[in-house]
Amino acid sequence: MSQTAFERYAPFIQEYIYRKQWTDLREVQVEACEAILDTDDHVIIASGTASGKTEAAFFPVLTSLYQNHSDTIGVMYIGPLKALINDQFERLSGLLEESYIPIWPWHGDVSQAVKKRALKEAQGILQITPESLEALLMLHPGDAMRLFSDLRFIIIDEIHALMGTDRGLQVLCLLSRLEKVANCKPRRIGLSATLNDYEPAMQFLAAGSNRKVQAVGIRHHQRKISLCAESFVLPDDPEEAEKVKQEYNDFLYENCHSKKCLIFTNSRGDAEKTIADMKEIALKKNEIDVFYVHHGSVSAALRHEAESALKDVNGPTVAAATLTLELGIDIGDLDSTIQIGAPYSCASFVQRLGRSGRRSGKSQMMFLDVYEPSDRNPLEQMPWKLLRAIAIIQLYLEERWVEPFELKAKPFSLLAHQTLSILMTFGELSPSELARNVLMLPAFYSTVSQEEYKELLRHMLANDYLQRLEGGNIIVGLEGEKIANHYSFYAVFRDEKAYHVHSQDGEIGTLDRFPIVGEFFILAGRTWKVHDVDEKRKIVCVNSAKNNRIPSWKGSGGHIHTKIVWRIRQILREDIQYSYLQPKASQVVNNARSIARETGILQKNIIPYAERSFYLCPWVGSKTLQTIKNLLACGLKDSLRIYSVFEGDHYLQITSDLSVAEFTDKLSKFQINIHDPDMVLPKNQVPKLDKYDQMVPDELLQKAFLYNELDVKTAVEVIKGL
């Protein structure tokens, strides 16, 4: 037992450790104890999934609170998901039984009675989502002052899920506003399983504060890893293709149905299709149905049912999930995880890999790829998903690399949102007071100029989002009130249009389009037939049925980092046979290497295709490739006499009147203004991508698209080097 740390813990924590029969503390828990109890710094705790991060944070924090009681809420825990808060509430309740430290969940599903009790007692730990904290600060600043004037610690779970997003910037703004409203200076503790570079996370955690940051945790994954990848190639003949699909489903079934297994897919439709196929096989074999679906469009009750089944130690359970089970919801000890296709990022892979092997210490993950070559062109014959999976695996095995996060350069949508929120808090402010309150927030301090903010305010005043009083002060205008008074205002991420699906047993989930009466679809792993619709209340009433139609949900794939694309190119160049590839997958990779050599894409970036067409394969990530496409389709289109630009996987197909030599020669001589939105946008086009872009003037939206969505500087460097 690591006595130094153990002996410092509060008695109720020591008793808890004895009850759990732990024989020692983990390294990360010892390091965190010292950092939290011996310094006044913020702390990043970055360690693998199921390595004891939650205990590493809460044991010393609760010890500090036990030894020096707070006059108000002493610890705020910010969780990105309500389900994660509920899970942690149950987990911490057992720890706190004999501590006399109360714990309060606070989010949209928590009753007003519980919140009133929390406000009355104002002690202990408060667990909250960013959206509920926004509502509290905006609508009830007095309550926030009562609750948090002696706040000591803020614990931010799954901090990697927030960094680089509007929601993460919102959290930084809220922490800064909270300190001002409640006159408190709490320490911040960030938890993550997927960091390999602490510095950006340390900067994020410290934003807007004057404290130093320490990072603790195990830098390298200490578990053994078992990996396997197999590919199923669909032939041209439809009948033969169906046989291969059945072979694939049988293979998947045999590798999951008798286990505690989590199947990750990249879309909700794929999760539904996978479980529908597994259920069909179980029915044919007359075997028990152990299959569940878990994604954002499945009702909370059914998601909880799947989580409970996975936690239950008795018998097998298989759930197909999207991002919803990547984060740290406790689902017990899994035998294995399976990835259908490839994740988009190394960070996602690390999260998913860490879901298995908690008890055995050996994480197991299988990658399955169904590959349908296309005759459209040679590059469409490449097995890009399998190659991406191998690239991600190799980057993790070789370097333990995960993607760095990037703060949004021009967060104008959030700027408009926080402007309304702060005015709702204060009622009215002079223009200078408003600018000071908003522009000093961490999200905007170094990203938004005073002139840009003036431009935003002029637009919001002109369109009645804001209103100027006779004395010159500014209040929320009528249009602004409509937005700020809507329940969805507290969230800065876009809401999906949701139609709630109900059977006689309760809510099943949601669709993002309205079905017609008589329509069949699969949701939550079962088939339903629509028998009634209520368009006004957005309710779809269904009965159980037999069919296999999968609904479609809106959504896009993730960004792929340039380093992953570079590693794909290296895979195609080298002759290494990776030990985790099964025979068919190895053959697919060998065939891909042959195609790469024959087409010349490893030696040349531009490959002639037809008389006026050629392929551009610059080996860059999705953001830079999109930027190159926009440059060629907009600002450079006329000069390069381009007719069309088609984007494929990792390449562009370009049709131009110029020869390849003329094209590259002209391209190398262009002087491109990387700050000009007209170079990357069609004339008069104004992309509205973020939730509150309707409150932002067109000029700022074009600037936001240029700096947030694209990477013109890198794209120009790439095309000039062709």
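The values are calculated or read from the model by the stated rules, or taken from the named source; none is laboratory data. Here the structure is a predicted model, which means the values were calculated and not measured. Every residue, glycine among them, receives a Cβ derived from its backbone with ideal geometry; neighbour counts consider all protein chains shown.
All conditions in (1) touching a residue at least 24 places away in the same chain (Cβ under 8 Å); (2) under 18 Å from LEU334 (Cα atoms); (3) not in a strand (DSSP E or B) hold for ASN314, with the sole exception of (1).
Can you tell me which of (1) farther than 22 Å from VAL216 by Cβ; (2) without any contact (Cβ under 8 Å) to a residue 12 or more places away in the chain is the one ASP143 doesn't meet? Failing condition for ASP143: (2). The residues of region 459-495 that are touching a residue at least 60 places away in the same chain (Cβ under 8 Å) and either on the phi > 0 side of the Ramachandran plot or not aliphatic (A, V, I, L, M) (or both), listed by number, are HIS459, ASN463, TYR465, GLY480, PHE489, TYR490, PHE493, ARG494, ASP495. Taking region 467-494 as the range and being surrounded by fewer than 19 Cβ atoms within 10 Å (Cβ to Cβ) and of a type in the set (Phe, Trp, Tyr) as the test, the residues that pass are TYR487, PHE493.
HIS295 meets all of the listed conditions (1) in contact with a Lys or Arg (Cβ under 6 Å, 6 or more places away or on another chain); (2) touching a residue at least 40 places away in the same chain (Cβ under 8 Å) but one, namely (2). Can you find a residue that is touching a Leu at 6+ places or on another chain (Cβ under 8 Å) and modelled with pLDDT under 95 anywhere in region 422-441? Scanning region 422-441, I find no residue that is touching a Leu at 6+ places or on another chain (Cβ under 8 Å) and modelled with pLDDT under 95, so the answer is no. Taken over region 555-581, the criterion of being within 30 Å of the chain's Cα centre (by Cα) and assigned to a loop (DSSP other than H, G, I, E, B) is satisfied by GLY555, SER556, GLY557, GLY558, HIS559, ILE560, HIS561, TYR578, TYR580. One residue stands out in region 646-678 among those that are within 15 Å of PRO618 (Cβ to Cβ) and over 30 Å from the mean Cα position of the chain (by Cα): the one that is surrounded by the fewest Cβ atoms within 10 Å (Cβ to Cβ), namely SER668. Answer with yes or no whether SER299 is more than 24 Å from LYS82 (Cβ to Cβ), crowded, with 18+ Cβ neighbours inside 10 Å and of a type in the set (Ser, Thr, Tyr). Against the criterion (more than 24 Å from LYS82 (Cβ to Cβ), crowded, with 18+ Cβ neighbours inside 10 Å and of a type in the set (Ser, Thr, Tyr)), SER299 does not qualify.
Answer yes or no as to whether GLU287 is of a type in the set (Asp, Glu), over 20 Å from the mean Cα position of the chain (by Cα) and under 12 Å from GLY525 (Cα atoms). For GLU287, the condition - of a type in the set (Asp, Glu), over 20 Å from the mean Cα position of the chain (by Cα) and under 12 Å from GLY525 (Cα atoms) - is not met.
Taking region 373-489 and the helices (runs of 4 or more DSSP H) fully enclosed by it, the elements with 3 or more residues that are of a type in the set (Asp, Glu), farther than 21 Å from ILE560 by Cβ and not assigned by TED's automatic domain parsing to the domain that holds GLY48 are at 450-462. Checking each residue in region 419-451 for being among the hydroxyl-bearing types (Ser, Thr, Tyr), closer than 20 Å to LEU700 by Cα and free of Cβ contacts under 8 Å to residues at least 40 places away in the same chain picks out SER446, SER449.
For region 1-45, filtering for residues that are in contact with a strand residue (DSSP E or B) (Cβ under 6 Å, 6 or more places away or on another chain), not β-branched (Val, Ile, Thr) and not in a loop (DSSP other than H, G, I, E, B) leaves 4. Every condition in (1) more than 16 Å from VAL298 (Cβ to Cβ); (2) without any contact (Cβ under 8 Å) to a residue 12 or more places away in the chain holds for ARG513 except the one numbered (2).
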